[in-house]
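Report on the structure given below.
The values are calculated or read from the model by the stated rules, or taken from the named source; none is laboratory data. Model, not experiment: these values are computed from the prediction. With ideal geometry, Cβ positions are generated from the backbone for all residues, glycine too; neighbour counts draw on all protein chains shown. Please note that ligands, DNA and RNA were not included when accessible areas were found on the heavy atoms of the full protein model with its side chains. Shrake-Rupley method; radii C 1.70, N 1.55, O 1.52, S 1.80 Å.
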Amino acid sequence: MQKTASYKIGFSGLKDGHHDFEFDLGEAFFAEREFSEASSGEVKVQVHLNKHPNMMEFTFALKGTVVLPCDRCLQNLSLPVDVEEELIVKFGEEEDLDSEIWVLSENAYELDLEQLLFEFVQLSLPLRKVHSKKDCDPEVLKRLQIEEDENYDSRWDALKNLNLE
Ligand SMILES: [Zn+2]
């Protein structure tokens with residue numbers, strides 16, 4: 001097991017075969033990324049690498065919690081993160097980090113997982129991020145409801161003030 005503060009795996013010095021890595025995605029990770037939605041989080045990442053002479057197979061297991069604002073009441077909402085992902089990396093003349101199989105330059109010696117891990121977390125979150133209704137902040141909901149009513153009223157007034165004569 002190796003623990004590092006960065007999210008890089010230096011693979012060039014590794015023997016062919018199996019290797020395990022562990023990363024912690026903490027508050028700093030979520031604050032640094034432009035993850036405007038996620039105010040914080042605690043996610044443990046386990047990476048398994050099976051290194052072959054000309055390619056590498058990675059499996060990722062992410063487990064933890066992300067805290068972000070609820071879409072309904074805007075208060076903190078903790079969402080679980082529990083995903084497993086795989087990545088195959090090959091080597092070639094032209095680097096390609098956008099396809100399903102990544103291609104690294106022949107001279108590459110390390111792999112930076114930061115962006116990838118961030119995307120794994122993002123993809124694991126539901127589209128609609130809300131508390132179950134009873135857990136939403138009732139005060140905020142009441143205020144939002146009043147604001148909505150006021151908006152409705154003012155639109156209604158504007159209509160009433162139209163000169164229809
Ligand atoms: Zn809520």
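Observations, loosely collected:
- If you check L74, L68 for being in a loop (DSSP other than H, G, I, E, B) and modelled with pLDDT under 90, only one passes: L74.
- Flag if P53 is at pLDDT 90 or above and part of a loop (DSSP other than H, G, I, E, B): yes
- Only one of the numbered conditions (1) free of Cβ contacts under 8 Å to residues at least 60 places away in the same chain; (2) farther than 20 Å from S6 by Cβ; (3) away from the ligand (no atom under 16 Å from the Cβ) is not met by R128, and that is (3).
- Among residues of region 49-68, those that are open to solvent by less than 50 Å² (accessible area, probe 1.4 Å) and either free of Cβ contacts under 8 Å to residues at least 60 places away in the same chain or within 14 Å of the ligand (Cβ to nearest atom) (or both), counted: 11
- Leading residue by the ranking (nearest to P80 (Cα to Cα)) among those in region 125-141 that are assigned to a helix (DSSP H, G or I) and either in contact with a Leu (Cβ under 9 Å, 6 or more places away or on another chain) or not aliphatic (A, V, I, L, M) (or both): D135
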